[in-house]
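Rule-based calculations on the coordinates, nothing more; no lab input. Because the structure is predicted, anything quoted here is derived from the model rather than measured. Quick reminder, even Gly has a Cβ in these numbers, built from the backbone with ideal geometry, and neighbours come from all protein chains shown.
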Amino acid sequence: MNIRRFVLIAVPYAWLLALFFIPFFIVLKISLSDLALAIPPYSPTVKDGILNMLSAFDFENFTFLASDDLYWKAYLSSLKIALISTVLALLVGYPMAYGMARAPDEWRPTLMMLVILPFWTSFLIRVYAWVGILSNEGLLNQLLLWVGWIDAPLAIMNTTTAVYIGIVYTYLPFMILPIYAALDRLDESLIEAAEDLGCSRTTAFWLVTVPLSRNGIIAGCFLVFIPALGEFVIPSLLGGSGTLMIGKVLFEEFFNNRDWPVASAVAVVLLLILIVPITLFQRNQQRQAEADT
């Protein structure tokens, strides 16, 4: 019995060790290295000796991040875009989840499938589709011009607005599903009791439904905020060169500038920033599990 328990515990920890901790420590070691005109473009490496590689620690790259305003502006811009996108996803996703939870039982599987259906298509294709929709000659501008609501095409592509649209569209199911799960477990008798005590349906919604769906809201917000913070594909395709996000900066340092030590330092700091919401999300999940039991 103890061996079986040990195996069950060891498998996920071995998975984390192989796919998270070891890659993280490799990136951390590169961030503490020096830039070099070599392959790979940093030193010392394994060919310089294991002892030399493990004993050389240079914090110059982290000092450089603090001194160059490009990086902290990118972090702040990413935090702002991720936060606003999360709020927009909540405003759009909560009514959809509420409608799904209040729909007849025979309609719920169909509505659930419609929410999950976009995942059947490649993420890259779905983002590229928005290029055809939001461009100056795209479907949206053509429709608005045909209806007569605008006289000239709207400049949406290569703006922060297009990034918000792309992020909200892409991560909206991650907001809808946990909120729907929380609303689906909601006891309808509590709302009826609130109405019997004199509450209107609107008041009962804000005093009963929203507080009881708080765990779903928190889970959905974290599931949207965490990946949106490090997003690279959406700002690159929809935001253009004017959108500053840390994912784009990280890509440029790795592949354009080939400055692996600085890029690794950027990645380490980004991970440290993400640890805070990830830790909060895990604690919320643990509290929810304890409350369910």
For labels at Val92 and Asp34 in the simple 7 Å Cα→Cβ model, what's the distance in nm?
5.0 nm
Extension gain from Arg283 to Arg258, taking 0.36 nm per residue of separation minus the Cα-Cα distance:
5.2 nm
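When a footprinting reagent is the concern and you count Cβ atoms within 10 Å, what order do Trp15, Trp260 take, fewest first? Walk me through the numbers on the way to the answer.
Details: Trp15 10, Trp260 21.
Lowest count first: Trp15, Trp260.
Hydropathy first: keep DSSP H helices in the chain averaging at least -0.5 on Kyte-Doolittle, then drop any whose Cα extent along the axis falls short of 27 Å, and list what survives.
Working: long enough: 69-102 (49 Å, 0.86); 160-184 (34 Å, 1.34); 260-292 (46 Å, 0.79).
Span-like helices here: 69-102, 160-184, 260-292.
What's the extension gain from Trp120 to Gln142 if we count 0.36 nm per residue and subtract their Cα-Cα distance?
Details: separation 22, 0.36 × 22 = 7.92 nm, distance 2.79 nm.
Full-extension gain reported as 5.1 nm.
Can you tell me the alpha carbon radius of gyration of the chain divided by the globular rule-of-thumb value 2.2 N^0.38 Å? Walk me through the numbers on the way to the answer.
On the way: Rg = 23.8 Å, N = 293, 2.2 N^0.38 = 19.0 Å.
That ratio works out to 1.25.
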Could you tell me which of rounded, prolate or oblate describes the range 195-249, using a ≥ b ≥ c as the square roots of the eigenvalues of the alpha-carbon gyration tensor, with rounded for a/c under 1.5 and, failing that, prolate when a/b is larger than b/c and oblate otherwise?
prolate
Can you pull the one-decimal nm distance between simple spin-label points at Val131 and Phe205, each 7 Å off the Cα toward Cβ?
4.0 nm
Answer in debye to the nearest 20: the dipole magnitude of the range 68-292 about its Cα centre, from +1 Lys/Arg and -1 Asp/Glu charges placed on Cβ, is 300 debye
Based on the alpha-carbon gyration tensor of the range 62-138, what equivalent-ellipsoid semi-axes (square roots of 5 times the eigenvalues) come out, in whole Å, largest first?
36, 19, 12
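Given DSSP loops and a limit of at most 10 other Cβ atoms within 10 Å, what is the longest stretch of the chain that contains no such GluC sites (Glu not before Pro)?
On the way: sites that count: Glu106, Glu137.
Result, exposed sites excluded: 138-293.
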At 0.36 nm per residue, and after removing the present C-alpha to C-alpha distance, how many nm does the segment from Ala155 to Phe64 gain when stretched out fully?
29.1 nm
